[in-house]
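Working notes, structure below.
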Amino acid sequence: MALARSHPIVPTIPDRLSVRGSFWLLDRIRRLGVKIEGLGTLWSLYREQNKIHRRFVEAAVKGADPLNQLPKPFNTIIPNATAIAESAEADRNPQSFTAKYTPPFAKLYRLLCEEIVQRSEWQVAQANGAKATVPAGKPAL
């Protein structure tokens, strides 16, 4: 008996080990009988100065094999930043992104939320028979 369809967001560090772990996780979920139409891959802990990270993101944008087997990456990329880690450690209950993060990071999370909503709407439209595709975009940091 197959389980319900799943639309996961796959957070992945753009390096070989993390991508391999994402493939393994998606394979395990499929073996459980869950139909996967991933909402997207979220590149996180990204370091611009790391050429391996840059290469993985560029290869995914080009649709290179085997990265094209992951859900289409979001354009928003979450960097490896102390300010983000510190915001998770803070003992408070912020009411907005701007209250939790510094302005550049609040903007990134807002952009990511917009992408998630947009892709969710496209998946609903596709499920209802409409021809809706995720447009290509340029990675945003």
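The values are calculated or read from the model by the stated rules, or taken from the named source; none is laboratory data. Because the structure is predicted, anything quoted here is derived from the model rather than measured. The protein model used for the area step is the full one, side chains on, heavy atoms only, and it has no ligands, DNA or RNA in it. Shrake-Rupley method; radii C 1.70, N 1.55, O 1.52, S 1.80 Å.
Miscellaneous remarks
- Ligands, DNA and RNA are left out, and with a 1.4 angstrom probe the accessible area of the range 26-75 is 60 Å² per residue.
- Accessible area ranking (1.4 Å probe, heavy atoms, ligands and nucleic acids excluded), largest first, for THR102, THR12, THR82: THR82, THR102, THR12.
- Shape call, the range 1-82: gyration tensor on alpha carbons, a/c limit 1.5: prolate
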